[in-house]
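First up is the structure itself, then whatever we jot down about it.
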Amino acid sequence: MLKSAVSLKRLMSAALLSALAALLTGCNVVTPDHSQSTFDTLGPVAENQLFIFWVIFWAGLVVFIAVEGALLYMVFKFKRRDDRDPKQTHGNTRVEIAWTIAPVIVLIVAAVPTIDGIFYADAGRFIDSNGASQELQVDVIGHQWWFEFRYPHPVNPGEQIAVANEMYVPVGEPVIFLLDSVDVIHSFWVPKLAGKVDMIPNNDNKMWFEAYVPGEFFGQCAEFCGVSHANMRFKVVAVPREEFDAWLMHQANPAPEPSGALAAQGKKLFRDEGCSGCHADSSSIIKLREDGGRIPGRTGPILTHVASRLNHLGIYRNSDVDFEDMSGSRQLYVNSQGIPTDRNTGQPFVNEAMLQNNLKVWITDPESLKPGNLMSRDGEPYIDPANTLTEQEIDALVAYLMTLK
Ligand code: CUA
């Protein structure tokens with residue numbers, strides 16, 4: 001009996017220890033270089049929000065130690081020693097004042113940086129009463145389940161340039177984001193730079209962030225928005241101003257006419273099969289409405305320059321080169337034509353074979369990558385057995401999309 005109780009105790013403490021070890025490796029604060037870690041901040045807004053976290057964490061720790069310490073003190077000090085009732089007390093003004101003032105102090109300690117942080121994260125301070133600002137303003141539009149980004153056209157004030165799932169920003173500059181959604185509530189979050197702010201239909205939430213260093217940052221929808229919520233991701237690519245300008249000018253260019261018979265067949269299929277009903281493929285330009293209201297745009301992601309994106313769907317890599325190498329020197333730069341380029345080889349950063357494979361997997365079975373997406377739900381080739389794409393047709397569509405650099 002005694003023996004089994006001892007071994008049970010040992011087993012329990014072993015289980016507790018391993019659970020604790022697992023917990024500690026889960027939140028690795030010592031080496032926080034994970035792509036979605038909020039402990040490795042690389043911008044002022046995220047830095048400010050991390051500061052608030054630490055203030056509240058340490059304030060919470062002080063409360064925890066005080067409360068648990070008092071509890072343990074009472075347990076041992078006033079342990080029952082005989083059968084007599086303990087001495088009864090009623091009211092203690094000094095203690096009551098103390099436990100009223102102490103929480104007020106704790107709340108003030110938490111409230112001051114929090115309220116300051118709310119104003120700091122608000123992009124409103126960059127925007128004047130006419131909605132204008134010196135900073136770059138990007139419209140972010142949530143769709144189930146992809147992100148649309150619209151940039152002001154650098155030359156034509158009446159136009160915007162739309163891209164999907166991968167956005168570039170100039171490094172070292174505040175960028176303002178005007179958040180909206182076409183369907184349900186999403187949330188805009190780039191863990192290392194800033195977040196999270198909800199993207200609510202017909203609501204003008206806004207935020208800003210700045211990237212201290214060039215890099216490729218992970219973005220994630222942070223509000224449950226349907227079955228593929230976890231797949232609603234994007235990338236932020238921060239590059240120096242002149243590279244950003246080259247990238248944006250290139251995005252404004254129309255797609256070139258495809259050369260080669262297979263790609264030409266793909267372009268025709270893109271129209272015949274109905275792809276072009278939802279996807280823009282020849283131009284990323286969106287004209288602004290006279291009254292300033294938003295033009296809805298297409299249902300599906302803009303594909304005009306899909307073949308120059310570093311990631312497929314904002315998730316899968318189109319390149320086997322990293323943004324920077326082990327020594328920290330930058331491998332990616334945007335060349336003067338606006339194409340992301342590998343610094344070592346001078347070749348496009350995007351690996352053709354990886355891009356080809358990613359596009360093929362997607363067109364063959366979109367449901368396998370983003371369950372519930374509109375294309376597999378409504379697209380003719382996926383719902384009408386008579387219209388199913390043949391292997392050859394898929395290759396033609398892929399060949400066409402690969403020309404959209
Ligand atoms: Cu969009 Cu979750």
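Coordinate-derived values only; no laboratory data. Just so it is clear, the structure is predicted and the values come from calculations on it, not from any experiment. When we count neighbours, we look across all protein chains shown, and the Cβ atoms used for this are built from the backbone with ideal geometry, even at glycine.
Numbers for the structure displayed
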| read-out | value |
| --- | --- |
| Listed peptides 144-155, 340-351 by packing density, highest first (mean Cβ within 10 Å) | 144-155, 340-351 |
| Eligible lysines near LYS87 by straight Cα distance, threshold 21 Å, same-chain separation 8 or greater | LYS77, LYS79 |
| Computed lengthening from VAL63 to SER18, 0.36 nm per intervening residue step minus Cα-Cα distance | 13.5 nm |
| Cα coordinate range in segment 155-230, projected on the principal axes (Å, largest first) | 34, 32, 19 |
| Three principal axis lengths of segment 253-390 [C-alpha, angstrom, descending] | 52, 44, 33 |
| Computed FRET value (nearest 0.05) for LEU107 with TYR212, which takes r as the C-beta separation and R₀ as 30 Å | 0.40 |
| Computed [θ] at 222 nm, deg cm²/dmol, the chain (DSSP H ≥ 4; -39,500 (n - 2.57); rounded to nearest 500) | -12000 deg cm²/dmol |
| Whole-Å distance, taken between Cα centres, linking segment 85-123 and segment 255-314 | 57 |
| Positive-end extreme of charge dipole, the chain - chosen from PHE51, ILE315, ALA230 (charges on Cβ) | PHE51 |
| Coil-residue chymotrypsin sites (Phe, Trp or Tyr not before Pro) of segment 180-250, DSSP, other Cβ within 10 Å capped at 15 | PHE224 |
| Taking HIS305, HIS90 and counting other C-beta atoms within 10 Å, the order from fewest to most | HIS90, HIS305 |
| For segment 94-201, fraction of C-alpha pairs farther apart than 24 Å, in % | 41 |
| Cα-centre dipole for the chain with unit charges at Cβ (Lys and Arg positive, Asp and Glu negative), debye to 20 | 2000 |
| Shape category assigned to segment 175-326 from the gyration tensor of Cα positions, a/c cut at 1.5 | oblate |
| Within straight-line cross-link reach of LYS287, lysines at Cα separation under 23 Å, skipping those fewer than 8 residues along the same chain | LYS206, LYS405 |
| The chain, Rg to Rh (Cα coordinates; Rh as Kirkwood inverse mean 1/r) | 1.11 |
